[in-house]
Each structure stands twice: as structure tokens, then as C-alpha cells.
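Below you'll find the structure, written out as C-alpha cells, and then a few comments.
Just so it is clear, none of the values below were taken in a lab; they were calculated from the coordinates. Quick caveat: nothing in here was measured; it's all calculated off a predicted structure. Every residue, glycine among them, receives a Cβ derived from its backbone with ideal geometry; neighbour counts consider all protein chains shown.
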Amino acid sequence: MSSERPSTRVVDPRAVRVATAPATTAIEAAPIVLEPAAVPLAPASGERGGQVLIDGVPAGLRLDRRDAVHVVLVEGQGRETSWSPVIMLPLVPTAGPAIGVVRREVIVDGWRIEVEIESERRAALRERARRGGDETARAGPTEVRAIIPGQVLAVSIAPGDSVLAGQQLLVVEAMKMQNELRAPRDGVVSRVAVGPGRTIEVGDLLLVLE
Amino acid sequence: MPMTAPFRRVLVANRGEIAVRIIRACHEAGMEAVAVYSDADASAQHVRMADLAVRIGPPPPTESYLRIDAIIAAALEAGAEAIHPGYGFLAERAAFARAVEEAGLVFVGPPSAVIDALGDKLHARRTARDVGVAAVPGTLEAAPVDRPDQVAAILAEAETIGYPLLVKAAAGGGGRGMRRVVSPAGLPAALAGGSREAASAFGDGSVYLEREIAPARHVEVQLLADETGRVVAIGERDCSLQRRHQKLVEEAPAPGLTVEQRRELHGLAVKVATAAGLRNAATAEFLRAPDGSFYFLEVNTRLQVEHGVTELVSGLDIVREQFWLAAGRPLSDEALAAAGRAAEPAGHAIEVRITAEDPSRDFTPTPGRVRRWVMPAGPGVRVDSGIEAGDRVSPEYDNLIAKIMVLAGDRDAAISRLRRALDETEIAGIQTTLPFHRFVARSESFAAGELSTDWVGENWDGPASLARAARIGQLAAGLDALESGLATAVTTGGSLGGTATAPTDSGDGRWARSGRQAVNERWPR
């Protein structure tokens, strides 16, 4: 189905995941996760460049709203600024009940793209639940690794603890935000590799779930 | 200052943008327009615009727009004096023109005998040869496909034409019955296959051989002719940007021709059409080889989709001229004046065909309901279309939904104007060819006039263009959702809206369960 994401995605609770709706376009664009950076988003009038994280990477990006359907995506600053006019229309989901998934029809340069937007945490959880089911069947250990650099603030579990999918494991401060890391599946914590105060890099082992 | 009209009432035997175009000409000339419609088109724009509309059957064309009896009956019932066939459907069916003539009505187009003669491409090729106009090198008689004893003869003929060559259907059009042959080994199978396909498509399995001219430019000449047999050329069009023999972009005049080359080309077209006894309007098609020589291809005995670019450059209303010529008038002063200027056009016009096709998926059809429909306006812009927001593009009919045309002083200015016009165009609900045309309007190769019938395959990368747009669309939709707090607004039992460090509680368990439930709902197993 969709692309595999690291099971330890730690994001702002306001983060959204945007995917192209399956089978509506000739290409399967990778889903994009957008989350607010520490700097607050620009107001709706969009006078100053807002900072957001695109898949965890800060980017200067904002929306100029023209009317109910016309927005302009503004990228970059000063002379490097580019404006991309976008037409955005609501779409009633056509197939299946997808709770919490919002559909939009966007038109860019004449291309018609159907996108699905949902809470990133919700999407990640849904994926974990799916993958968790798969992995429980295989009954192998899951190594939980860091996907953003930062500092561990708190560890909520200890080796031997039983955890449920979605349960908080660690709190990591990254990009001036406190992010909670949740269990990708049900399991028993067999090892905790980090403690409070520890600085972590992307890819570092955090803990192992059996 | 009332001017007499060519007819009092005219039936338009077509639908979509061309029916709308003809109804406009009727109204400008002071004639009443009668529309015909299938059940799929009961509230279509051409029906809304007509003075009277007659239902002719269910949606399939064979049960509606292709029914000669139903259309003649509608014309008689509505009291129409003439029938304009538009293009496609019955426009080039000699049987239809004959039925109209026999019903005592006027067919707005060439007489049935001329349609018959020129519809046979072999006949047209022989006509060209008789008046000394070079047709694309090839055979002039139908190839003997069922005679094993003549295989050697046809192979010898193919050898003199040279490979690669094309097997083409004498009754053909739209690439049906056509086969490309690269070596003698493939010829017998191509002849048999092409003939079979032509027989099923046109009811005539005659095929012939033609040299493949590549890279070629497709150049055609707009012709008008009156009842005395006088034929004039109104100008030429370049229609080289094609995909599987379907034209995508047309312009007038053809770029890169000198005044002398234009005169020569127009002269060739007039010669063939005069010899064929043309009346009313038609278009003579030519291929231009890389060495600059013109080869006659065929004559289309109808109003062309792309007639508008010639109208813009010449200032002549070709449909209006068609009506007056059908009414028996000699070529008008306006038509003669336009013919006199044809080799030295004052401006440049470009048309792009907006069709309901996906240019990222090899132009596959994309029927559906149009949700948003904003067409360009402003100086030098003409739009011919037959739909509005809320209309359905039916899978039953042609995909063409709008022709966006621009006119400017020269080609560069016309391309700039086209770019601007396409930027103003907004269509939602269905994918159209708009992204392809936006690409053409920005292409350096197109601007340099490097036109050929292979251009689309060599220059267009639909998926790459779509990928760029999809990312912008995803980012815009994501930012919009962030700003409206989509993620924190959606709660389904858990505490999604809490701060990042909110203490966990049993809500996580419910949250996880609701997540699993959502998974099951989305991907039932």
C-alpha cells in the first residue's frame, strides 16, 4: 500500500499527512508530513513567511489566501520567492468510510490531483496498528530508533513493562518542541537503550520491543 | 438595415462546441437554429442556445447523431430548409448528403458526389496526379491483398517506394487501417491486417502503400468554392503537433514559409480541389518533407475543427460563407479579399484543443462532471466550447470540450498571449489536456518553430510534470489543513487535542483501538 515510514515518527500533534488519493493520478506521490515549527504559523492573511517542517525539515512556506477556492503557495523569501497558484475544492469521499480523512481536489498548472489529509499521529497509529498486527504474527523484536535528533527528556517505561500500541514511551525535545514517542505496537519492552538527558541522533537505537 | 438571410431556419446535425459555433453563425446571419440532441444532451449548451430542439434518440451515437433518418425527419418536422453537419458524425458521409438532397433540403457542404469521390483517398491521389500535383509517393490503385500470385508484384512496387512505408486505408481516417512497415518481410501481414481493420471500420477493405515521410510537418489549406466551380484558398494552417494522428495544436499561418512557398502551396490545393469539382468548403492536407517539398495527402470535405485560426487571421467567418455558398451565392467580396491576402497574412493565430484526456496517462479519456469552468478572456482571445460548470463530459462522444484560440501580430506575441490565456483557464472535476498546452506555450522548441508530427513523443513528459504539480498541491493542501487545525479538530474518543507532553492515560488504549478500527474499515480483510 503506501510507503513504509519509520515506526518511531515523533511529531507535533498538529501535524498532518498529505497523500495523493490512491489510483487517482498516474504517479504515486510519496505522502508529505507537515508540522508547525517552533515559530508560529503565519496568520491566515499570510503577510509574513511562516516556518513549517516538511517531513521533519524546516522550510519557508506559506499560503496566500485569495478567496474560497484560490490559494497561492509561497515558497522562499525575497528575490527567490516563487508563487504557485492552487485551486482547492472540497471533495466528498467516494469510497469507504475513512474516519478523520479529509479529501480535497487541488488544481496546479492544470493538473487535477486528489489529496487525502489526516492527522499524522492518527495516520501513523493506523499504520502501526496494521504493521503491529503483521509483526505480532511474526513475533519478532522491534527496534525503535530515533528519526529526529534531540534530547531525551523523560523515559516512561522500564525493561519488562508491557505496553499497548500508541502508549507513550519517551519524551524527546527536538526543534524546540517536546515530542512524545509512542509504542508502534503491543509488546514487552526488552531493552531501553537511552536515559533522560541523553542526546540522540537520527537512527540511534532507543529501545527494543518483543 | 435588415439583410436577407441565406435561409430562414437551419438544422444543426451535431453537438458540443461545433454545434454552438454553427448556431452562433445562424443567429448572426438572422437564421433560426434547430438543435438535435440525444438523451445524454437534453440540457446541453447547444440545446439551450437553439431556437428549437428535437430529441433524436438515446445516448449512443449510432442511435442518435448517426441516424440519418431521424435527423432528416427532425429537419422536416421543424421546418428547416438546410442542414449543417459540422465535423465528425455524418459530416463526410456521402449517404447523408444524398439523403438531405433527396429530402429537398440543402446540405451545407460539398455535394454527395464530391464527398464520395474525395472520400476515396486513392481517387483523390489519382486526381492530384492528373493535374500534376505531387501526392505522397506510393501506389494509386488498391493493393491486391487476396491474391498470393501478386505478392511479388506488390513487393516490387514497395521496393520502388522505399521503406519504411505505410499501409493506409483508401476509405480511412484517424489512423484506422494504417500499418507501418519497415521491411519487405512485414508487408504481407500489414496488408492483410490493415485491410481487415479498414473493412470493419469503414466497410471497405481497400488499402494502398505510401512512403513514410518523417519527420514531417502537417500543413493544410482552407478552401472555399462556389456553384460555378471557382475555388479560392483562404490560408494555410500548421497542425503538426499530433498524437496518434489526433491534432492537439494548430496555427495559422504555418510558421517558416515564405510568401512564395505559401502561394505555391495554396495553388496546389486549389488545383486539386478544382479538378475534383469542389463546392462549398473543404480542406486540402499536405505533408511537408524536411527538404521543404509539399506532398498532397487528402481533401477533407467538411468544416475542420481548427477552422477558427484561419477565421482569426483572415477576418472571414467561414461558417457564414458556407451558408451563403450553400444558398447558391457566388464567392463573397469578403471571401475574395481574404483569398487575395492569404499568402501575406497580417497576424498569427494559435489554437489548442482542450480535451477530456489525461496527458500523464498517454492521453486516456477522462469523462466526468466539470466542477469549475473558467475560460480566458481579454484582447485577442477566442474560446469555442460547448459546456459549462456542472455539465457532464459523456464517455459516448468526442473528448473535445474547448478550443482556446489567440490572435496577435506575430507568432511570438501569439505564444505569449496563449501562455497568458492558459494561465487564466481553470477547469476542475476532470483532468484535461491543459497541462500539456501550458507546456507547449512555454516550450523553446515550439517557440523556435521546430514542429513535426513526432514532436509530442519527443518533448512531452507527462508524469514528470504531474509530479511537480502534485508536490505543490500536497504542500498547499497540507498548509491549509495545518492552519485550520485539522489534526487537532478530529477527535474520536482519544485525547488527540492535548499538548505534546500530556500524561497518557487509558485514552491511548481507546485511541489505539479506534485506529485499528479505522484500519479495518479502510482495508477490510
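Per residue of peptide B:418-427, the mean number of Cβ atoms on other chains within 10 Å of the residue Cβ is 2.
Please identify which residues in region B:83-111 have an amide N closer than 20 Å to a label point set 7 Å out from the Cα of B:Arg8, following the Cα→Cβ vector. Only B:83-84, B:101, B:103-108 fall inside the zone, counting backbone N under 20 Å. For region B:137-211, the relative contact order comes to 40 percent (Cα pairs under 8 Å, sequence separation of at least 6). Projected onto their three principal axes, the Cα atoms of region B:179-325 cover extents of 51, 34, 27 Å, largest first. Under 5 Å from the amide H of B:Ala135 lie the amide H atoms of B:Phe296, each residue being 5 or more positions distant or on a separate chain, with H modelled from the backbone and absent for Pro and chain starts.
Close amide H partners of A:Gly166, meaning residues 5 or more places away or on another chain with modelled amide H under 5 Å apart, are A:Ala183, A:Arg185. Both radii are taken from the alpha-carbon atoms of the protein assembly as shown; with Rh as the Kirkwood radius, Rg/Rh is 1.09. Cβ-Cβ distance of B:Thr364 and B:Ala327, R₀ of 41 Å, FRET efficiency by 1/(1 + (r/R0)^6): the value works out to about 0.45.
Give the total of Lys-Lys pairs in chain B with Cα-Cα distances below 23 Å; include a pair only if its members are 8 or more places apart or on different chains. Count of close lysine pairs: 5. Note on A:Ile99 and B:Arg176: the model spin-label points, each 7 Å out from Cα along the C-beta direction, lie 5.3 nm apart. Considering only B:Ile415, B:Val370, A:Val86, the residue lying farthest towards the positive end of the dipole of the protein assembly as shown is A:Val86, judged by Cα position with unit charges set on Cβ.
Here r is the Cβ-Cβ distance between A:Thr199 and B:Asp423 and R0 is 56 Å; the resulting FRET efficiency, rounded to 0.05, is 0.65. Gyration tensor analysis over the Cα atoms of region B:9-108 returns equivalent ellipsoid semi-axes of 17, 16, 12 Å (largest first, whole Å).
Amide H contacts of B:Asp358 (H built 1.01 Å from N, in plane; Pro and chain starts excluded): B:Phe363, B:Thr364, B:Thr366 sit under 5 Å, all sequence-distant by 5 or more or on other chains. Semi-axes of the equivalent ellipsoid of chain B are 46, 30, 25 Å, computed as sqrt(5λ) over the eigenvalues of the C-alpha gyration tensor in descending order.
Each residue of region B:389-396 was assigned a 3J(HN,Hα) from its phi angle through the Karplus expression (A = 6.51, B = -1.76, C = 1.60, θ = phi - 60°), giving 4, x, 6, 9, 8, 7, x, 6 Hz with x at Gly and Pro.
Placing +1 on the Cβ of each Lys and Arg and -1 on the Cβ of each Asp and Glu in the protein assembly as shown, which of B:Val10, B:Leu312, B:Thr453 has its Cα farthest towards the positive end of the resulting dipole? Value: B:Thr453. Extending 7 Å from Cα along the Cβ direction at B:Ala214 and again at B:Glu102 yields two label points whose distance is 4.4 nm. Available extension along the chain between B:Val259 and B:Val151 is 34.3 nm, counting 0.36 nm per residue and deducting the alpha carbon span. Rounded to the nearest 20 debye, the dipole magnitude of the protein assembly as shown is 1480 debye, with +1 charges on Lys and Arg beta carbons, -1 on Asp and Glu beta carbons, and the Cα centre as origin. Stretching the chain fully between B:Glu334 and B:Ala489 yields a gain of 49.1 nm (0.36 nm per residue, less the alpha carbon separation).
Estimated at 0.36 nm per residue, the fully extended path between B:Glu227 and B:Arg392 surpasses their Cα-Cα distance by 55.3 nm.
Spin-label pair A:Leu89-B:Glu159: with each label point 7 Å from Cα along the Cα-Cβ axis, the two points sit 6.2 nm from one another.
Separation of region B:255-275 and region B:89-153, taken as the distance between their Cα centroids, equals 22 angstrom.
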